[in-house]
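Here is the structure we will look at, set down as structure tokens.
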Amino acid sequence: MFKKILIANRGEIACRVIKTAQRLGVKTVAVYSEADALARHVGLADEAYCIGPAAAKDSYLRGDKILETAKNCGAQAVHPGYGFLSENADFAEDCAKSGLVFIGPPPAAIRAMGSKSAAKDIMGKAGVPLVPGYHGEAQEAALLQKEADKIGYPVLIKASAGGGGKGMRIVEKAADFAAALASCQRESKASFGDERVLLEKYLTRPRHIEIQVFADTQGDALYLFERDCSVQRRHQKVLEEAPAPGMSQARRNSMGEAAVAAAKAIGYVGAGTVEFIAEPGDGKKSAGTFYFMEMNTRLQVEHPVTEMITGLDLVEWQLRVACGEPLPRAQDELAINGHALEARIYAEDPDKNFLPSTGRITHLAAPAESRHVRIDTGVCAGDAITPFYDPMIAKLIVWDLDRPSALARMRGALEQFQVVGVSTNTEFLARLVSCEAFAKADLDTGLIERNRAELMPAPPLAGDEVLALAALAELLAIERRAKERAAGSGDPFSPWGSCDGWRLNQDNHHILIFRQGDREQAVTAHYRPGRFELELPGGRHSLTGAWQADGSLTAWLENAVLQANVVRSGQTLDVFFRGTRYQLELHDPALHEIDTDAHGGNLRAPMPGKIIAVLTKSGAKVEKGTPLIILEAMKMEHTIVAPGRGTVKEIHYKVGEQVNEGAELLGFELDKD
Ligand code: ADP
């Protein structure tokens, strides 16, 4: 076994690899960017070295610096994690040239599968069924249009070099093809440095099922069963499970054998995943016809569900195989035990089309880990989610004997996951695992879209109990501030420092106004000895309460005991109560409000990014929905569209310029009628 390895990655996967290495007694070296100096993976590793500024291209993608670091600190091997350099054949080759073991497949295997088009060629020749489409070398727009027409709409345009759901466009009709192609090529160029695309028939209700394979340097290969990753948003996985519901043993065997044959065909070594897309079968749950989609030549984000049902540690296997050891088990020694689910907790806003949300995590609470619950994370409270890297906060993995029990575990665990400071998808995930379609395993990639109304309801409105909790948190804060002021003044007993609402010639009460969207609710708190009397929308109630040692808040509202977490950031109060998060704005009438946007106003950047196209001119008259500016943020394109019919005023940015979140991009005047 290696004595020391370097992990050329960050976040949860770096932490995940370190954990196994430490269990095996292997020393670990972390690398980090300037933005990650205090990151969790840096703290966990035995040694850590800074390799450059925040932007990935200046740090985590700097293969030269990473190899120099590895050599200087005496590491014997490099684990690339996923993303960054993990599927970069040149980097794998450079590792070997520097005398380091690349913990992954040989460069030739990475190259063979690196392009989705080339991979399809190889698989097609090996007799694996492919989705009808075009994956040729010629890339002229007119030819691609002709091929798309031939396939028949809807057609999917994919970046040949694509990954992570990026660089894909669904085209519904021939007239939309040219614009979608241009946009897909732009995004592919920006994200992958390669604008080649392929075309596929767009399947309307497919399932995504993938096979985990493993191969060693002795030429042996096996499969560790399947994962179902059909539940996706923006073509990116959010919930994964193993085994795949409805999978027959015969189907599992034949897919597994096909995947192993694929791995052997390219001389594969290490962990890999062969992804298939399946058209629905006759019965809703049955697996249908499978087509090869692509092979990922690395460890997948969702590998923990495979570990949970097999009881194996895939990172340990990676290290052993990279050392030249044979596969630790034979195919007939592997078995599926129980059912595992993984939910990806992202800093993103489901109500804004899952746009990543950046900011500092001010509060982070997670369920306790156990035999049933596993959390893979790279962040801690106080860390920032920046536009530089993937906005994933954690992977929540649960295991139980069967799918319904695992689902119940997941619901319980999600309820306990609380994050403040950035928007997250936790409540969305909780609704997702509770929705009927998912519970019944009626899975396909359109599940989220089809159940949008149920999955993305209007934010829950605060009732009397929640208002009482928010009011209590605020009243206790006022009390604390008053005490601090009194303690800091010359006269700690002055009535001016008192916190019981005592006022000269005034009724002793405090009015708190809470806002949720357009809704405003007032709570009047009357100070009484040792308690408050609250005037809530539903009536007058007596209230007392206190903060607990663990940071939670206990309130006694009449004779009911209420338990919650209340986190204040600025004027926002996040109340986590009975599994639901309520966001309340504390309205201070003293604050003057300027809301230019409501008066027609300005279009702002939804997140920090770079302007990559300005599609309009000042003075242009446009219709609602007209694309005006394209912003690239987190390697994705975001199109800013006209909010209504109107006139473009001044445009504040040029192509290539960086903008901050909330920056005014252009002035816009809505037509009066
Ligand atoms: P990436 O490498 O970016 O993850 P994939 O080729 O693996 O891209 O596809 C990602 C997802 O997009 C799939 O899991 C599936 O949901 C959807 N998808 C891919 N190809 C098709 C297709 N031909 N028809 C319908 N959906 C597809």
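Values of log10 I(q)/I(0) for region 298-338 across q = 0.25, 0.29, 0.30, 0.35 Å⁻¹ run -0.96, -1.11, -1.13, -1.18, by the Debye formula with one identical scatterer at each alpha carbon and no solvent.
Taking a span of 30 Å or more along the helix axis (Cα atoms) and a mean Kyte-Doolittle hydropathy of at least 0.0 as the rule, the DSSP H helices of the chain that qualify are 464-488. Per-residue packing, averaged as other Cβ atoms within 10 Å, sorts the ranges 194-205, 552-563 into the order 194-205, 552-563, beginning with the highest. The packing ranking of peptides 305-316, 523-534, highest mean first, is 305-316, 523-534, where packing means the average number of other beta carbon atoms within 10 angstrom of each residue. For Lys150, the aspartates and glutamates whose Cα comes closer than 13 Å to its Cα, not counting residues fewer than 8 places off in the same chain, are Glu200. Residues whose amide H lies under 5 Å from that of Ala620, counting only those 5 or more places away or on a different chain, are Val648; hydrogens are built 1.01 Å from N in the peptide plane. Going through the cross-link list Lys617/Lys649; Lys116/Lys166; Lys158/Lys264; Lys120/Lys237; Lys158/Lys352, which pairs have a Cα-Cα distance over 18 Å in this structure? Where the Cα-Cα span goes over 18 Å, the pairs concerned are Lys158/Lys264; Lys120/Lys237; Lys158/Lys352.
Each peptide in 127-133, 62-68, 223-229 gets a packing score, the mean of other Cβ atoms within 10 Å over its residues, and the list from highest to lowest is 223-229, 62-68, 127-133. What separates the Cα centres of region 309-356 and region 1-32 is a distance of 16 Å.
Across the chain, counting alpha-carbon atoms alone, Rg and Dmax equal 27.7, 91 Å.
Using DSSP, restrict attention to beta bridges with both residues in the chain and report what percent are antiparallel, rounded to the nearest 5. Roughly 90 percent of the DSSP beta bridges within the chain come out antiparallel.
With the simple spin-label model, which puts each label point 7 Å out from Cα in the Cβ direction, the Ala182 to Glu558 separation comes to 6.5 nm. The phi-based Karplus calculation (6.51 cos²θ - 1.76 cosθ + 1.60; θ = phi - 60°) puts the 3J(HN,Hα) values of region 79-84 at 9, x, x, 10, x, 6 Hz, whole numbers, x for Gly and Pro. Each residue of region 231-240 was assigned a 3J(HN,Hα) from its phi angle through the Karplus curve 6.51 cos²θ - 1.76 cosθ + 1.60 (θ = phi - 60°); the sequence is 7, 9, 10, 6, 6, 10, 5, 10, 10, 10 Hz, with glycine and proline shown as x. The lysines whose alpha-carbon is closer than 16 Å to the alpha-carbon of Lys57, local same-chain residues fewer than 8 away aside, are Lys65, Lys189, Lys610, Lys635. A Stokes-Einstein calculation at 10 °C with viscosity 1.306 mPa s, built on the Kirkwood radius of region 514-555 over Cα pairs, returns a diffusion coefficient of 133 µm²/s.
Around Thr626, which amide H atoms from residues at least 5 apart in sequence, or from another chain, sit under 5 Å from its own amide H, with H modelled in the peptide plane? Here the answer is Ala642, since their amide H atoms fall under 5 Å of that of Thr626.
For Ala215, what charge total do you get from the other residues with a beta carbon under 15 Å from its beta carbon, if Lys and Arg give +1 and Asp and Glu give -1? Neighbour charge sum, excluding Ala215 itself: 0. Going by a ≥ b ≥ c, the root eigenvalues of the Cα gyration tensor, does region 188-333 fall in the rounded group (a/c under 1.5), the prolate group (a/b larger than b/c) or the oblate group? Taking the square roots of the gyration eigenvalues as a ≥ b ≥ c, region 188-333 is oblate. Kindly state, to the nearest 0.05, the FRET efficiency for Glu369 paired with Lys672, given R0 = 56 Å and r defined as their beta-carbon distance. Once the sixth-power term is evaluated, E becomes 0.45.
Once backbone amide H atoms are built at 1.01 Å from N, Gly545 has Trp556 as its partners under 5 Å, excluding neighbours fewer than 5 places away on the same chain.
Stretching Arg578 away from Asn353 to a fully extended chain increases their span by 78.4 nm, per 0.36 nm per residue minus the current alpha-carbon distance.
Taken over region 206-261, the convex hull of the Cα atoms encloses 92 Å³ per residue. Projection of the Cα convex hull of region 264-421, averaged over all directions and equal to a quarter of that hull's surface, yields 12.6 nm². The equivalent ellipsoid of region 1-105 has semi-axes of 17, 17, 12 Å, largest first, where each one is the square root of 5 times an eigenvalue of the Cα gyration tensor.
Is any residue of region 555-580 close enough, with backbone N under 18 Å, to a label point placed 7 angstrom from the Cα of Arg528 along the Cα-Cβ axis, and if so, which? Hits in region 555-580 for Arg528 at 18 Å: 555-562.
Taken over region 339-492, the percentage of Cα pairs per 10 Å bin, counting from 0 up to the bin with the maximum distance, is 9, 30, 32, 18, 7, 3, 1.
Laboratory data are not the source of any read-out in this text; all were calculated from the coordinates shown. The model shown is predicted, which means the values in this text are computed figures rather than measured ones. Glycine also receives a Cβ, built like all others from the backbone with ideal geometry; neighbour counts cover every protein chain displayed.
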